[in-house]
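A.B. asks: Before I ask anything, let me first share the structure, which is written out below as structure tokens.
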Amino acid sequence: MRNVLLAILCITFPMFLFSQNQLIMSENFAIVIHGGAGTILKKNMTDEQEKAYQEKLQEALDSGYTILKDGGSAIDAIEKAIVVMEDSPLFNAGKGAVYTNAGTNELDASIMDGKTLNAGAVSGVRNVKNPIKLARVVIEKSEHVMLSGKGAEDFAKQYKIEMVDSAYFYNEHRLKQLNKIKDSEKIQLDHSDNDDEQGDITELKDSKFGTVGAVALDKHGNLAAATSTGGMTNKKFGRIGDSPIIGAGTYANNATCAVSCTGHGEFFIRNVVAYDVAALMEYKNLSLVDAANYAVNEKLVKLGGDGGLIAIDKDGNIAMPFNTKGMYRAYKKANGESKILIFKN
Ligand code: GLY
């Protein structure tokens, strides 16, 4: 009877429906983003460079936060935040993507909805302006989870995703990075803030990891996670890292948490890091912070993997551990508490 009455009220007075929705919304929401981990040292950065990163992180954070504040979904918020970072040359994703050995840019991205456990991912796309938008369309318009290469681009055209000429990704600094290691077997996970430091798979202490990511909890109690990257400078043979792999670089489940990783992809794949954080919470009852720290500072370190992650749980707790010198990271909570951090301390 109560339901019939409610239905009549909602049909007759749409404002009543609105107020009902407002009632079931929680005021507990938050967003966390990262712009990559690595050898990011204050001494290697000018004040202008630091300011540029801070401003772009702030813009990305605010764009997602506004959506959450207005009652929008976690998945919309993280997609928006990632697009802001993909459109900036500062990060190794979208516009700022590093070069492959062949001088191309091959982009990977993934996104996951913690409410439905639906996920979408794309790998090795060359002409998609915002791979994260394409990953989102994979969730909504396909029966699959991951599309790759030319097939993914055909799918993008079908759904009118913005395509760009490869010249869009031209970046002199990134080309310099490639030319330095092109003739070697080195594969560099570089963030690009210091020309003098070249990392490779055996000298990871000197590496910097690009990649961007975002996780959020919305007012409806839903979690979502997303990651986007250009991968590694000088990568060959269609190499794919952890970022587009659900469970490795990205994972979200309303029952536990949402996670986005950054670092040396091969190690994150082998440790299934993003899912591992959720599993540690679900099966071992660890808190978000303990689970994230264990995955990054114990298990990854033991395997020799460098990097970090951002995570948020269903109660709005956040974690941002990394085992490198720095990680571009930022968060903003419903109570207005907000921080943008780059270095270790
Ligand atoms: N974590 C980014 C990559 O390894 O491609």
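The values are calculated or read from the model by the stated rules, or taken from the named source; none is laboratory data. Remember, predicted model here, so these are calculated numbers, not experimental data. Here the Cβ is made from the backbone with ideal geometry for all residues, glycine too, and neighbour counts use every protein chain on show. For accessibility, only protein heavy atoms count, side chains too; no ligands or nucleic acids. Shrake-Rupley method; radii C 1.70, N 1.55, O 1.52, S 1.80 Å.
A.B. asks: Please compute the per residue accessible area over the range 206-345 with all protein chains in place, 1.4 Å probe, rounded to a whole number of Å².
C.D. replies: On a per-residue basis, the range 206-345 sits at 33 Å².
A.B. asks: Let me ask something additional. Using the Cα gyration tensor of the range 27-176, with a ≥ b ≥ c the square roots of its eigenvalues, what is the shape: rounded (a/c below 1.5), prolate (a/b larger than b/c) or oblate (neither)?
C.D. replies: The shape class here is oblate.
A.B. asks: Quick check on the chain: take the gyration tensor over C-alpha atoms, sort the square-rooted eigenvalues as a ≥ b ≥ c, and tell me if it's rounded (a/c under 1.5), prolate or oblate.
C.D. replies: It comes out prolate by the Cα gyration axes.
A.B. asks: Sticking with this structure for a sec: Kindly rank 144-152, 236-244 from highest to lowest mean number of other beta carbons found within 10 Å of each residue.
C.D. replies: 236-244, 144-152
A.B. asks: Right, something else. What residue among L300, L41, L107 has the largest mean-square fluctuation in a Gaussian network model of the chain, using Cα springs under 10 Å?
C.D. replies: The residue with the greatest mean-square fluctuation here is L41.
A.B. asks: Rounded to a whole number, what % of the accessible area of the range 108-152 do carbon and sulfur atoms account for, probe 1.4 Å?
C.D. replies: About 47 percent, which is the carbon plus sulfur part of the accessible surface.
A.B. asks: Moving on to the next point. Taking a ≥ b ≥ c as the square roots of the Cα gyration tensor eigenvalues, with a/c under 1.5 meaning rounded and otherwise prolate when a/b beats b/c, else oblate, which class fits the range 248-338?
C.D. replies: Verdict is oblate for the range 248-338.
A.B. asks: Then there's this: Ignoring ligands, DNA and RNA, what percent of the 1.4 Å accessible area of the range 250-314 is carbon and sulfur?
C.D. replies: The value for the range 250-314 is 50 percent carbon and sulfur by accessible area.
A.B. asks: Go through 162-173, 267-278, 46-57 and give me the packing order, highest mean Cβ count within 10 Å leading.
C.D. replies: Order by mean packing, descending: 267-278, 46-57, 162-173.
A.B. asks: In terms of Cα to Cα distance under 17 Å, which lysines are near enough to K43, apart from those fewer than 8 places away along the same chain?
C.D. replies: Qualifying lysines at Cα under 17 Å: K51, K205, K208, K325, K344.
A.B. asks: Using a basic spin-label model with each label point 7 Å from the Cα along Cα→Cβ, how many nm lie between K160 and T116?
C.D. replies: So the two model labels end up 2.0 nm from each other.
A.B. asks: Sticking with this structure for a sec: Taking only Cα atoms and a 10 Å spring cutoff, compute GNM fluctuations for the chain and point out the largest among N222, N127, N317.
C.D. replies: N317
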